[in-house]
Amino acid sequence: MQTLRSEHLTLEVLPGLGASVLNLHAASGRPVLRAVDPAAVQTSSQCASFLLVPYSNRIRDARFTFGGQAVQLRPTTKNGLAQHGDVRGRPWQVAQAETGFLRATFDSRDFADMNWPWAFTAAVEYRLHGPHLDTTVSLVNADTRPMPAGLGLHPYFARGIGGTDPTLEVDTELMYDTDERQLPLGAARPVTPAEDFRRPTPVGQRQIDATYTAWNGVARLDWGHRALTLTADNVYSHLVVFTAPDGSLALEPVSHATDALNLAAQGVDGTDLRVLSPGQTLAGTVRLTLEGDWSGMAGDEVTRG
């Protein structure tokens, strides 16, 4: 485990498990992302945040067509999907580590069983400065052929179980209708009032698993006396909002729609699937910023087991 510290934040990263974030705490010890017991972690899904590379979220039936060729991946979910890329459970190499900075790298050519037919490299940089955590992810096409590509982060935020639930504010205009496997049925459509978080709205007891787009790259959680703002580069054109079973809230900045590989092949507009030429890079930064009073006991906000 690598630990980064600043005056305001402490970050724990597991390079050997996808360079995932184990925990992120304010200086007081209060969890910013969901609190994770290191002894209980066996997969990246149990971490506070993990990386989505070389695509984000779900691929229908783990197959798609690209460049006129059918591509079949190994399903990675019980309902036959390929999900969340193929780097989050694999070891990354630490390239640079300092008090408030970590850079880790990944090369798909180091693994014979990669669930992706194109060679690629990736890097992540975590940087603490002031009340900010900046996470920069980059993906490079290391193949000789054009490669479909995507990026994403999957952070789970502590909400305040047993205390004050924050309001959520996200300036998004569109979202996708989905089927029983949370796969989009077509292009995004305007949000309804019940789906609209453009004004601060408590999440409450509602269950959400939705992909939004046409957003301004900002999401905000506000407890009244303290707040947290997520700011994403333009490459992250979509945001997945997910109320996790443990009571935390996932706000996932991603560079394309769920199942964009199949939607794009069907001619659906607005999926933002990227295609990288050999040697080309896709990259973006997400910033988390603490505002207000983050003092308090470390254990006053825990997630349900």
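The values are calculated or read from the model by the stated rules, or taken from the named source; none is laboratory data. Here the structure is a predicted model, which is why all the values come from computation and not from measurement. Cβ sites come from the backbone with ideal geometry, for glycine too, and all protein chains shown count toward neighbours.
Points to keep in mind about this one:
- Only residues that are assigned to a strand (DSSP E or B) and within 18 Å of S255 (Cβ to Cβ) were counted across the range 133-170, and they come to 16.
- If you go through the range 27-79 and keep only what is of a type in the set (A, V, I, L, M) and either part of a loop (DSSP other than H, G, I, E, B) or at pLDDT below 90 (or both), you end up with A27, V32, A35, V36, A39, A40, V41, A48, L73.
- Matching residues, the range 175-194, being free of Cβ contacts under 8 Å to residues at least 60 places away in the same chain and surrounded by 17 or more Cβ atoms within 10 Å (Cβ to Cβ): M175, V191
- Single residue of the range 228-258 satisfying the filter (out of contact with any Phe, Trp or Tyr (no Cβ under 8 Å at 6 or more places or on another chain), surrounded by 18 or more Cβ atoms within 10 Å (Cβ to Cβ) and not aromatic (F, W, Y)) that is farthest from L24 (Cα to Cα): V235
- Odd one out for P278 among (1) assigned to a loop (DSSP other than H, G, I, E, B); (2) at pLDDT below 95: (2)
- Tally, over the range 248-270, of residues that are without any contact (Cβ under 8 Å) to a residue 60 or more places away in the chain and either among the polar types (S, T, N, Q) or within 15 Å of V137 (Cα to Cα) (or both): 1
Matching residues to (1) of a type outside the set (V, I, T); (2) at pLDDT 90 or above:
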residue: P131; (1), (2): yes, yes
residue: N141; (1), (2): yes, yes
residue: L153; (1), (2): yes, yes
residue: I161; (1), (2): no, no
residue: T167; (1), (2): no, yes
residue: E180; (1), (2): yes, no
residue: R206; (1), (2): yes, no
residue: G217; (1), (2): yes, yes
residue: V240; (1), (2): no, yes
